[in-house]
Amino acid sequence: MKILLVDDHVLFRDGLKFVLRQLADVVDIRECGSCEDAYKLMETDDGFDLILLDVDLPGISGMDGLQGFRRLDPSAPIVFLSGSDDYNLIKRALELGVMGYIPKTLSSEIMIQALQLILKGGRYVPDNVLYGADHHSRSKVVLTTRQSEILRLISQGKSNKEIAQNLGIADNTVRVHISAIFQILKVNNRTEAAFAALQDGLVSPY
């Protein structure tokens, strides 16, 4: 798997590379600190499986440079990285065809789940965008103790089988609880559930 990582913060790149290497047995990561450097690299490269692009880059910003990446590698899914959760910025990015928006504050476990979803052709969007700009005003979510335990384990990337073993309950019981959790949180999958849990303070990000 080949990944292009474009971010001007070296320490963040170093940390993210550690996370990205969990995506496949062999992960080839090329990195640049600006759109201009990335363009030069892409002109001599034969394409990437994934492009991770910081929105707030010096010189040409990620948003302004997006079309350049599209032109040089039309097939690679592009994912925005940002420290901001600006609703309008995310909405505009999605309209321009970005396949995901990942806040830099996201835990490594959820980030991996989000990127796996994108690599399978899905789109990952933060919880507040899924529900619109007024999401934060929605009513307080209430889960049972068992549902909270299962949600915490989902957020850690545990499988149904691992959750069942951890809690000493049947696999089918876990499935029933997860179905109920999805309905309560109004989400469609585990990645969205984990992110919604973080947004609503139902699990700790650490």
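The values are calculated or read from the model by the stated rules, or taken from the named source; none is laboratory data. All of these numbers come straight from a predicted model, not from anything done at the bench. Positions of Cβ are generated from backbone atoms using ideal geometry, with glycine treated the same way; all protein chains shown enter the neighbour counts. Side chains included, ligands, DNA and RNA excluded: accessible areas come from the protein's heavy atoms. Shrake-Rupley method; radii C 1.70, N 1.55, O 1.52, S 1.80 Å.
Cβ-Cβ contacts under 9 Å between residues 6 or more apart (or on different chains), taken from a first residue in the stretch 20-33 that is within 9 Å of residue 1 (Cα to Cα) to a second residue that is of a type in the set (Lys, Arg), are listed as 27/2; 27/17; 27/21; 28/2; 29/2; 29/13; 29/17; 29/21. For the stretch 2-28, the candidate set comprises residues that are buried (at least 18 other Cβ atoms within 10 Å of the Cβ) and among the β-branched types (Val, Ile, Thr); within that set, the residue that is farthest from residue 81 (Cα to Cα) is 3. Picking from residues in the stretch 149-175 that are among the hydroxyl-bearing types (Ser, Thr, Tyr) and in a helix (DSSP H, G or I), the one that is least open to solvent (accessible area, probe 1.4 Å) is 155. Look through the stretch 58-90, keep the residues that are among the charged types (D, E, K, R) and under 18 Å from the mean Cα position of the chain (by Cα), and return whichever of them is surrounded by the fewest Cβ atoms within 10 Å (Cβ to Cβ). Per the criteria, the residue is 86. Considering the stretch 176-206, and only residues there that are in a helix (DSSP H, G or I) and of a type in the set (D, E, K, R), the residue that is most open to solvent (accessible area, probe 1.4 Å) turns out to be 190. Among the helices (runs of 4 or more DSSP H) confined to the stretch 23-126, the ones with at least 1 residues that are of a type in the set (Asp, Glu) and either within 15 Å of residue 191 (Cα to Cα) or in the same structural domain as residue 188 (by the TED database) (or both) are located at 108-119.
Can you pull out the residues in the stretch 30-39 that are under 17 Å from residue 79 (Cβ atoms) and buried (at least 17 other Cβ atoms within 10 Å of the Cβ)? Passing the criteria: 31, 32, 35, 38. Selection over the stretch 40-57 of residues that are open to solvent by less than 40 Å² (accessible area, probe 1.4 Å) and either closer than 21 Å to residue 123 by Cα or hydroxyl-bearing (Ser, Thr, Tyr) (or both) gives a count of 8.
Of all the criteria given as (1) modelled with pLDDT under 85; (2) out of contact with any Pro (no Cβ under 8 Å at 6 or more places or on another chain), the one not satisfied by residue 198 is (2).
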